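Peer 1: Can you keep this structure in mind? I'll have questions shortly.
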Amino acid sequence: MNIADFRRIALSLKGVQEASHMGNPDFRVGNRIFATLAAAKQGYGNLMLDAEQQAAFVEELPEVFIPVKGGWGAGGATHVVLAFANEDLLRGALQAAWKLRLEKNGQSNKKLANKKSPPRPKPLGTKSPPRKKR
C-alpha cells in the first residue's frame with residue numbers, strides 16, 4: 001500500500017472529509033480526526049485508535065502497526081507501515097479508527113445535548129431595568 005491507497009480507502013468511508021492539521025493531510029468524520037498522513041515521509045499512515053485496539057493490532061502484526069512515540073502513542077495513536085500492509089488489512093484498520101471516532105462523536109453529541117444552555121445575551125440596544133437602591 002502507499003499514501004494514495006491510504007487516502008483512497010479513508011475517503012471511501014461514509015461521511016469522511018480530508019482536511020489539514022499543522023500542514024499534514026488528515027481524515028475526519030463529524031469534523032473530528034480519525035486518521036492522518038502526518039508521517040507519510042517515513043512511509044506511515046496514522047490511525048487514532050484506543051489503547052486496547054492499538055495493543056491488539058500491534059500484538060498481531062508488530063511489523064505493520066507501531067505505536068506513535070510519546071503521549072500520542074500512549075493514547076492509541078498508531079503508525080501503519082504502508083509498505084507492509086495489504087488492501088484488506090489497511091481497510092480494516094481504517095474502519096476500526098473511523099468506527100471509534102463515530103462512537104466518540106455520538107458520546108460528545110449526547111453530552112452536549114444534555115448540557116444546559118448558557119443564558120441568552122440581551123440584544124444590543126436594550127437596557128436592563130434600573131437597579132433598586134438598598
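Residues are listed down the side, and each one gets a yes or a no for (1) surrounded by 15 or more Cβ atoms within 10 Å (Cβ to Cβ); (2) over 14 Å from the mean Cα position of the chain (by Cα):
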position: H21; (1), (2): no, no
position: P25; (1), (2): yes, no
position: I33; (1), (2): yes, no
position: N46; (1), (2): yes, no
position: E52; (1), (2): no, yes
position: F57; (1), (2): yes, yes
position: E60; (1), (2): no, yes
position: V64; (1), (2): yes, yes
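Peer 1: I'd like the full set of residues that are closer than 22 Å to D88 by Cβ and either in contact with an Asp or Glu (Cβ under 9 Å, 6 or more places away or on another chain) or of a type in the set (V, I, T) (or both), limited to region 19-44.
Peer 2: Once the filter is applied, which keeps residues that are closer than 22 Å to D88 by Cβ and either in contact with an Asp or Glu (Cβ under 9 Å, 6 or more places away or on another chain) or of a type in the set (V, I, T) (or both), region 19-44 yields F27, V29, F34, A35, T36, L37.
Peer 1: Next question, about the same structure. Of everything in region 14-64 that's among the aliphatic types (A, V, I, L, M) and part of a loop (DSSP other than H, G, I, E, B), which residue is farthest from A97 (Cα to Cα)?
Peer 2: Among those that are among the aliphatic types (A, V, I, L, M) and part of a loop (DSSP other than H, G, I, E, B), it is M22.
Peer 1: Go through region 15-30 and give me each residue that's touching a helix residue (DSSP H, G or I) at 6+ places or on another chain (Cβ under 9 Å) and without any contact (Cβ under 8 Å) to a residue 12 or more places away in the chain.
Peer 2: E18
Peer 1: Restricting to region 34-92, count the residues that are touching a Phe, Trp or Tyr at 6+ places or on another chain (Cβ under 6 Å) and among the small types (G, A, S).
Peer 2: Count: 2.
Peer 1: Tell me which of these E87 doesn't satisfy, since it passes every other one: (1) of a type in the set (D, E, K, R); (2) under 24 Å from G106 (Cα atoms); (3) touching a helix residue (DSSP H, G or I) at 6+ places or on another chain (Cβ under 8 Å).
Peer 2: Failing condition for E87: (2).
Peer 1: Of all residues being touching a residue at least 40 places away in the same chain (Cβ under 8 Å) and surrounded by 17 or more Cβ atoms within 10 Å (Cβ to Cβ) in region 1-14, which is nearest to N105 (Cα to Cα)? Just the residue, please.
Peer 2: Taking the candidates together, the pick is L13.
Bear in mind these aren't lab numbers, they're just calculated from the coordinates by the rules spelled out. Just so we're clear, the structure is a prediction, and the values are computed from it rather than from any experiment. Because the Cβ atoms are built from the backbone with ideal geometry, glycine has one as well, and the counts that use them run over all protein chains shown.
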